[in-house]
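Laboratory data are not the source of any read-out in this text; all were calculated from the coordinates shown. What you see is a predicted model, and the numbers here were worked out from it, not measured in a lab. Cβ placement follows ideal geometry from the backbone for every residue including glycine, while neighbour counts extend to all protein chains displayed.
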Amino acid sequence: MRFVLESSSEAATIELAAKLGRRLRAADVVCLDGPLGAGKTCFVRGLATGMGLDEAVVSSPSFLICHEYNGRAPLRLAHLDAYRLAGPDELETIGWDELRAASQTVLAIEWASRIEPALPPKRIDVTIEHTGPTSRLIVIDAPEILASRLEGLDD
């Protein structure tokens with residue numbers, strides 16, 4: 001299932017991501033890719049909003065690699081940034097196995113393509129591209145098993 005969406009502003013990106021965030025469930029994995037400044041962290045702020053978090057608490061995990069937040073009870077949001085990782089072999093240094101095993105955690109991973117071999121096949125892939133100073137093209141791909149939860153995302 002693929003959604004190709006356009007966002008005209010940061011606020012529109014947050015609202016789109018919030019719609020997705022409201023549909024997320026425990027153990028979901030959202031993988032984000034796109035160039036620097038495309039809006040990956042902005043998108044995660046929207047996911048957090050949809051999960052019942054204050055978007056203001058979400059910041060880029062570039063230097064800490066992983067931030068964790070409490071979302072809609074009992075959900076947690078783990079926000080990872082794989083940019084500084086050399087590859088999937090370094091995931092153990094951030095407690096990857098524990099994060100994946102945490103049954104009430106949603107993972108949002110920026111620069112996910114850097115750890116592609118470690119990613120589960122059942123995931124939501126989000127690619128964000130610049131189309132102008134504030135506009136973005138957002139492509140969301142998900143397996144058919146998630147189709148019923150994602151219907152209407154493009155409304």
Label Glu68 and Val139 with points 7 Å out from Cα along Cα→Cβ: what is the distance between them in nm?
-> 3.4
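When DSSP beta bridges are limited to those with both residues in the chain, what percentage is antiparallel, rounded to the nearest 5?
55
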Label-point separation in nm, Tyr83 to Ala26, each point 7 Å along Cα→Cβ = 3.3
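For the chain, compute Rg over Rh where Rg is the Cα radius of gyration and Rh is the Kirkwood radius from the inverse mean 1/r over Cα pairs. Please report the intermediate quantities before stating the final value.
Values: Rg = 14.2 Å, Rh = 15.3 Å.
Result: Rg/Rh = 0.93.
Can you tell me the length gained on complete extension of the stretch Lys122 to Glu92, counting 0.36 nm per residue apart and subtracting the Cα distance?
Details: separation 30, 0.36 × 30 = 10.80 nm, distance 2.06 nm.
Fully extending the segment from Lys122 to Glu92 adds 8.7 nm.
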